[in-house]
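*Asks:* I am attaching a structure below and will ask some questions about it afterwards.
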Amino acid sequence: MGKRVGALTCLDAVRDGWGALIGRFRRQYGADLRELLVSLPWQDLAILVDELDSAWSDTDENTARLVDLINYQVECEHVRSTTSPAEARRAQRELAGRAAPPVPIIRPVARRPAAVHARLMVQYEELMARHEGAVETPAGPMGPRALLALLHPYRADLGVV
């Protein structure tokens, strides 16, 4: 059962504006949306707009990855600034002998299309399970090169260039 569609409500979910919508419509259907607005019944047009392919691009994913990284940095800094030296020493003793994962495991927190987010959460949970018991040891502030190095392992998974 599909979602209910009204005369103009089909366009409510379109967040990227009319210009992008017109371009996406032309690329997918090879027709001008403005002409069809006049010539087609609104129900038929609503179905076509609703079935447009997702507009999630490589740039959107790269931006979302940066949001994930910033969130990771903020969480690490919060832990670093709220942990007392005694707590840090106790944690070091408890975690002695455990190695950190080869790269930080960064939780996807940015807003993404549901299918993309679900796939990334599965990857994240698999990595967490594979490295269960490993210690995350952030090593001080990260510069731009360190942030890009963290992004590098994920680029191939997404086909991002």
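The values are calculated or read from the model by the stated rules, or taken from the named source; none is laboratory data. The shown structure was predicted, so the numbers you read here are calculated from the model rather than taken from an experiment. No Cβ is skipped: glycine too gets one built from the backbone with ideal geometry, and neighbour counts run over all protein chains shown. The area values use the complete protein model at the heavy-atom level, side chains included, leaving out ligands, DNA and RNA. Shrake-Rupley method; radii C 1.70, N 1.55, O 1.52, S 1.80 Å.
*Asks:* Calculate, in nm to one decimal, what residue 34 and residue 118 gain on full extension: separation in residues at 0.36 nm each, minus their alpha carbon distance.
*Replies:* 26.8 nm
*Asks:* In whole percent, how big is the carbon plus sulfur part of the accessible area of segment 21-94, probe 1.4 Å, protein atoms only?
*Replies:* 55 percent
*Asks:* Please report, in debye to the nearest 20, how large the charge dipole of segment 23-125 is about its Cα centre when each Lys and Arg carries +1 at its beta carbon and each Asp and Glu carries -1 there.
*Replies:* Dipole magnitude for segment 23-125 comes out near 620 debye.
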